[in-house]
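Let me give you the structure first, and then I'll get to my questions.
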Amino acid sequence: MDLMNCPNCRALFVKSKFRDVCDACYNEEEEKFDEVYQFIRKRSNRTATMAQVVEATDVDESLILKFIKTGRLRISQFPNLGYPCEQCGTLIRDGRICEACTKKLRTDLENLEKEEQRKREMTEQEKKVTYFVKENLRE
């Protein structure tokens, strides 16, 4: 356990594995979670977008994203909710980065590996080359 300041209100508290805010802020988050959950639980609101949920509940998007990322809100039940890709910000529903960024990252890694292989081959070729020097002997 670590002693730290609450990121919301700066109060001193003991951070645990399950809580990253003080008790007062945790209770406030719980109330906001209930508001969000009650809103999206209604059949008519299940297809609400993030902006619509924020507007209807007056809960910050960052807190709703925290609920999603910690698994408290299961977006599989809510087709229009998601969270931003950590690389480009595109709305995603699983993982940390979107498919486009994943593909680009794989391509970049493959290109890097090819370049490393080319450098190794060049180094090996340089080791194999033998130079003969003709000495000009004067007598």
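The values are calculated or read from the model by the stated rules, or taken from the named source; none is laboratory data. Just so we're clear, the structure is a prediction, and the values are computed from it rather than from any experiment. Positions of Cβ are backbone-derived with ideal geometry, glycine not excepted, and every protein chain shown enters the neighbour counts.
Restrict the check to the range 104-115 and report whether at least one residue is assigned to a helix (DSSP H, G or I), at pLDDT 90 or above and surrounded by 14 or more Cβ atoms within 10 Å (Cβ to Cβ).
Scanning the range 104-115 turns up at least one residue that is assigned to a helix (DSSP H, G or I), at pLDDT 90 or above and surrounded by 14 or more Cβ atoms within 10 Å (Cβ to Cβ).
Further, regarding this structure: Does residue 55 satisfy the criteria of being farther than 25 Å from residue 90 by Cα and either in a helix (DSSP H, G or I) or touching an Asp or Glu at 6+ places or on another chain (Cβ under 8 Å) (or both)?
On the way: farther than 25 Å from residue 90 by Cα: no; either in a helix (DSSP H, G or I) or touching an Asp or Glu at 6+ places or on another chain (Cβ under 8 Å) (or both): yes.
Taking the combined requirement at face value, the residue does not satisfy it.
A follow-up question, please. For the range 1-23, give me each residue that is more than 15 Å from residue 70 (Cβ to Cβ), surrounded by 12 or more Cβ atoms within 10 Å (Cβ to Cβ), among the aliphatic types (A, V, I, L, M) and touching a Phe, Trp or Tyr at 6+ places or on another chain (Cβ under 9 Å).
4
Also, quick follow-up: Tell me which of these residue 65 doesn't satisfy, since it passes every other one: (1) outside any loop (DSSP other than H, G, I, E, B); (2) aliphatic (A, V, I, L, M); (3) modelled with pLDDT under 90.
Single failed check for residue 65: (3).
In the range 52-89, which residue that is under 18 Å from residue 27 (Cα atoms) and in contact with a Phe, Trp or Tyr (Cβ under 7 Å, 6 or more places away or on another chain) is surrounded by the fewest Cβ atoms within 10 Å (Cβ to Cβ)?
If we take residues in the range 52-89 being under 18 Å from residue 27 (Cα atoms) and in contact with a Phe, Trp or Tyr (Cβ under 7 Å, 6 or more places away or on another chain), then 72 is surrounded by the fewest Cβ atoms within 10 Å (Cβ to Cβ).
Test residue 76 against the stated conditions and say whether it is modelled with pLDDT under 90, part of a helix (DSSP H, G or I) and within 21 Å of the chain's Cα centre (by Cα). Explain how you work it out, then say what you get.
Details: modelled with pLDDT under 90: yes; part of a helix (DSSP H, G or I): yes; within 21 Å of the chain's Cα centre (by Cα): yes.
So residue 76 passes the test.
Here's a check for you: in the range 28-45, which residue that is of a type in the set (D, E, K, R) and within 9 Å of residue 57 (Cβ to Cβ) is farthest from the chain's Cα centre (by Cα)?
35
Specify which of the listed residues (25, 101, 9) is assigned to a loop (DSSP other than H, G, I, E, B) and at pLDDT 90 or above.
Being assigned to a loop (DSSP other than H, G, I, E, B) and at pLDDT 90 or above holds for just one of 25, 101, 9, which is 9.
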